[in-house]
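The values are calculated or read from the model by the stated rules, or taken from the named source; none is laboratory data. In this text, all values refer to a predicted model and were calculated from it rather than measured experimentally. Positions of Cβ are generated from backbone atoms using ideal geometry, with glycine treated the same way; all protein chains shown enter the neighbour counts. Accessible surface areas use protein heavy atoms only, side chains included; no ligands, DNA or RNA. Shrake-Rupley method; radii C 1.70, N 1.55, O 1.52, S 1.80 Å.
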Amino acid sequence: MRNFLLGWAVTAVLVASAWAQPLPFAERGGGMLVTDLARDGIFLCRDLNANGSGFDTGQIPLFFGAGTALGITNPVDAALGVAVDKDGIVYVADLTSLRIYKLQDLNNDGDAQDANEAVLFFDTINTITEVIFSTPNGMAIGPDGALYVTNTPAGTQTDAFVARLKDNDGDGVANSSDEAIIWWDLRVFNPQPT
C-alpha cells in the first residue's frame, strides 16, 4: 500500500478490493482516505456508482471525526498523516491534539465512529516516553509492523525526528518507553535548519 502526502491539507491512502464481512479496511470496496482540515475529519472517497468520479453525492462519507464514540469532542482538528497496516487498521496523526489514533470499522458500516472502533494509540500530552510530537504528520507502516511518524516542525529542526510506535505488550496502545522511541534524528540528515 502506498501513502501519498498531498500538501498540508490533504493526505490520502489508496486502498482496493471488495466488500465482505468482516474484512480489513483495505478489502472494503476500494477508495481513498482523505483528511480535510476545513471540515475536521477523515473522509472515505469511493466511486460507488462506477462512473469514474468519487465526488458524487453520498460517495464521501465521514470515516472519523466529530461525533465519534471515542468521547473526544473534536478528535481530528488538523489530521495530517494517515497510514493503513497489513490488517487494515487505519492510523491517523492529528497536528492540533498531538495524538495518534488507531481506527477500525468493526461493524462494516463504512466508518470508525462507533464504540470500540477508535483507540487513542499515542498521546503526546500524557506520555511517559521520549517521543514528544510538536508536528506529527507523515506516517508509514514499516516491514516490522511498527508505525513510523515524522515530526518535522516548520522553520526549525530542533525536534525533527522519526518516531517508531509499536504495541509490544498487546494492550492496543503504544504508551510505554519501549513502545514509542525516537528511531531517527533528522538533524543527522540535515544539520542546518532551512
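Residues that are open to solvent by 20 Å² or more (accessible area, probe 1.4 Å) and modelled with pLDDT under 90 number at least 1 in the following strands (runs of 3 or more DSSP E) confined to the stretch 73-168: 99-103, 118-123, 136-141. Just wondering, is there one or more residues in the stretch 31-45 that are out of contact with any helix residue (DSSP H, G or I) (no Cβ under 7 Å at 6 or more places or on another chain), aliphatic (A, V, I, L, M), modelled with pLDDT under 50 and open to solvent by less than 70 Å² (accessible area, probe 1.4 Å)? Looking through the stretch 31-45, none of the residues is out of contact with any helix residue (DSSP H, G or I) (no Cβ under 7 Å at 6 or more places or on another chain), aliphatic (A, V, I, L, M), modelled with pLDDT under 50 and open to solvent by less than 70 Å² (accessible area, probe 1.4 Å).
Looking at the stretch 178-193, is at least one residue assigned to a strand (DSSP E or B), modelled with pLDDT of 85 or more, open to solvent by less than 70 Å² (accessible area, probe 1.4 Å) and among the β-branched types (V, I, T)? Yes, that holds for at least one residue.
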